[in-house]
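Chemist: First the structure, which I've put down as structure tokens, then a few questions once you've had a look.
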Ligand code: EPZ
């Protein structure tokens, strides 16, 4: 198992290009199941989660090939409707095959995802949404078993709470359902809007793109997808936050500035100078970090996937910060590890209170999930001494070669196998 060895403190200086978004490519890969033929998706990040989803699709009978960030998925000859436990337990997003399989094959058997490091993550909305489209959905022996032998029927469904995954899953089912569907209180994350636009380009009839109400007129079939993945706003936010935590100046190319707005606002509150150039963004931090009050919300609110990285900055701020995660109130496993690095953090009822400290000190820390581990790496670049971050496989799921990219910005970081 790999670990990162990081020597701090180091200021960061330099520029990077942002890759395609993990959370946008996964639903697109599932959507390829809706058509017969070869879908082509460009700007695909070569991440473990992408490789993993390819394994799931190949288990269903698809043929996948990822080369030079171009992904080809041939779904002409699917021969299964099952996503087994041994695959799904490793990646929750595997549940995205439920809607497309049900729509295309009239049945789907998908393992329930199981536990998550940052608390309960039910999938009841995915199941209820499929029922609203006329499917019989049961849980049997740890599997979601969904059937619609006569095909899906248009229906009406309201998501509560707003759910990225359930919106994508139910929408993918609705596009091939007979008749009209009305989906309310949908997620409007850029990754969801990308899926909606890709389905429309493939022949789906959807009104309300970018709004919380999607009106879908079912069609008989879709063309294979032909799309390019949007830039990863969370990867971009992480590298901008790296400049905030360590100090220095980081320029990113190939970002969607509109998608970054909620993150940029908080970085400015932290005392960073953020400037826009073309499709680029620069974050510069020279002075002292300022305390912030952050509350995560569905897009266009502040993303829960960036709260850990902001906590690493707040740990060094000149005052008391508060971070409330309204989406995952228990998503604070990184707090205890940051306390090991000398931070002063208390978590209570979904809110972390962070009393800023002058300096962090190096210590061995343990990664627990994707964003928590990225935040620990950022904190380690500012900590005095040599920090070991263990279990970095979590990071490889969502960041391409983070150690090389941070080293290119001047960080003293190496990957070592245990
Ligand atoms: C997506 O997860 C992202 N994952 C997550 O990013 C992200 O944290 C999350 O959206 C919120 O933005 C991917 O895109 C692969 P949700 P998802 O359904 O779809 C509740 C990362 O770091 N809920 O929007 O699983 C749920 O408990 C990952 O890249 C139900 O109650 O999240 C949560 O409180 C981590 N019932 C809220 O909705 C359901 O059936 C939002 O979850 C589904 C969700």
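Chemist: Can you give the extra length, in nm with one decimal, that the chain gains between residue 1 and residue 279 once fully stretched, where that is 0.36 nm per residue apart less the Cα-Cα distance?
Modeler: 96.4 nm
Chemist: Multiply the residue gap between residue 288 and residue 407 by 0.36 nm, knock off their C-alpha separation, and tell me the result in nm, one decimal place.
Modeler: Extra length from residue 288 to residue 407 when fully extended: 40.5 nm.
Chemist: Sorting check: for 401-413, 299-311, which peptide has the highest mean count of neighbouring beta carbons within 10 Å, and how do the rest follow?
Modeler: Result, highest mean first: 299-311, 401-413.
Chemist: Comparing 269, 279, 227, which has the greatest mean-square fluctuation in the GNM of the chain with Cα pairs linked when under 10 Å apart?
Modeler: Looking only at 269, 279, 227, the biggest GNM fluctuation is shown by 279.
Chemist: Quote to one decimal, in nm, the extra length available between residue 180 and residue 358 on full extension: 0.36 nm per residue of separation minus the C-alpha distance between them.
Modeler: Here the segment from residue 180 to residue 358 would lengthen by 58.2 nm.
Chemist: Taking R0 as 60 Å, what FRET efficiency do you get between residue 384 and residue 72 from their Cβ-Cβ distance, rounded to the nearest 0.05? Kindly include the intermediate steps, with their values, before the conclusion.
Modeler: Working: r = 48 Å, r/R0 = 0.80.
The formula returns an efficiency of 0.80 here.
Chemist: Also, I was wondering about something else. What do you get for the angle between helix 370-382 and the principal long axis of the chain? Use alpha-carbon atoms, 0 to 90 degrees, nearest ten.
Modeler: 20 degrees
Chemist: Pick from 160, 318, 138: which residue has the top mean-square fluctuation in a GNM of the chain where Cα pairs under 10 Å get a spring?
Modeler: 160
Chemist: Okay, moving on. Using the 2.2 N^0.38 Å rule of thumb for compact globular proteins, work out how the range 146-207 stacks up: its C-alpha Rg over that value, please.
Modeler: Dividing the Cα radius of gyration by 2.2 N^0.38 Å gives 1.09.
Chemist: Suppose each label sits 7 Å from its Cα in the direction of the beta carbon; what would the residue 393-residue 346 distance come out to in nanometres?
Modeler: 3.7 nm
Chemist: Throw me the Rg/Rh for the chain, computed over C-alpha atoms with Kirkwood Rh, two decimals. Intermediate values should be presented prior to the final figure.
Modeler: Values: Rg = 21.4 Å, Rh = 21.8 Å.
That ratio is 0.98, to two decimals.
Chemist: With springs connecting C-alpha atoms under 10 Å apart, model the chain as a Gaussian network and identify which of 103, 197, 383 has the largest mean-square fluctuation.
Modeler: Checking each option, the largest mean-square fluctuation is seen for 197.
Chemist: I need the calculated FRET efficiency for the pair residue 158 and residue 297, taking r as the beta carbon distance and R₀ as 22 Å, to the nearest 0.05.
Modeler: 0.75
Chemist: Another one. In the chain, what % of DSSP beta bridges are antiparallel (nearest 5)?
Modeler: On the way: 59 of 82 bridges.
Of those bridges, close to 70 percent are antiparallel.
Chemist: List the pair-distance distribution P(r) of the range 334-418, using every Cα-Cα distance, as the percent of pairs falling in each 10 Å bin from 0 up to the bin containing the longest distance, rounded to whole percents.
Modeler: For the range 334-418, the binned pair fractions read 17, 50, 28, 5 percent.
Chemist: Related question: In Å, what Rg and Dmax follow from the Cα atoms of the range 19-154?
Modeler: According to the Cα coordinates of the range 19-154, Rg and Dmax are 14.5, 41 Å.
Chemist: What residues of the range 187-211 lie in the reach of a label at residue 40, counting those whose backbone N is under 16 Å from a point 7 Å from the Cα along Cα→Cβ?
Modeler: Only 202 fall inside the zone, counting backbone N under 16 Å.
Chemist: Give me Rg over Rh for the range 104-209, both radii from the alpha carbons and Rh done the Kirkwood way, two decimal places.
Modeler: 0.96
Chemist: Compute the long axis of helix 164-174 from its Cα atoms, compare it with the longest principal axis of the Cα atoms of the chain, and write down the angle in degrees, 0 to 90, nearest 10.
Modeler: Tilt of helix 164-174: around 20 degrees.
Chemist: Testing the spin-label approximation: label points 7 Å from Cα along Cα→Cβ at residue 326 and residue 268. State their distance in nm.
Modeler: With each label placed 7 Å out from Cα toward Cβ, I get 2.1 nm.
Chemist: Another question about this same structure. Rounded to the nearest 10 degrees, what's the angle between the helix 48-59 long axis and the longest principal axis of the chain, both from Cα atoms, 0 to 90?
Modeler: 20 degrees
Readers should treat all values here as calculations from the given coordinates under stated rules, not as data from a laboratory. Just so it is clear, the structure is predicted and the values come from calculations on it, not from any experiment. All Cβ positions, glycine included, derive from the backbone under ideal geometry; neighbour counts span all protein chains shown.
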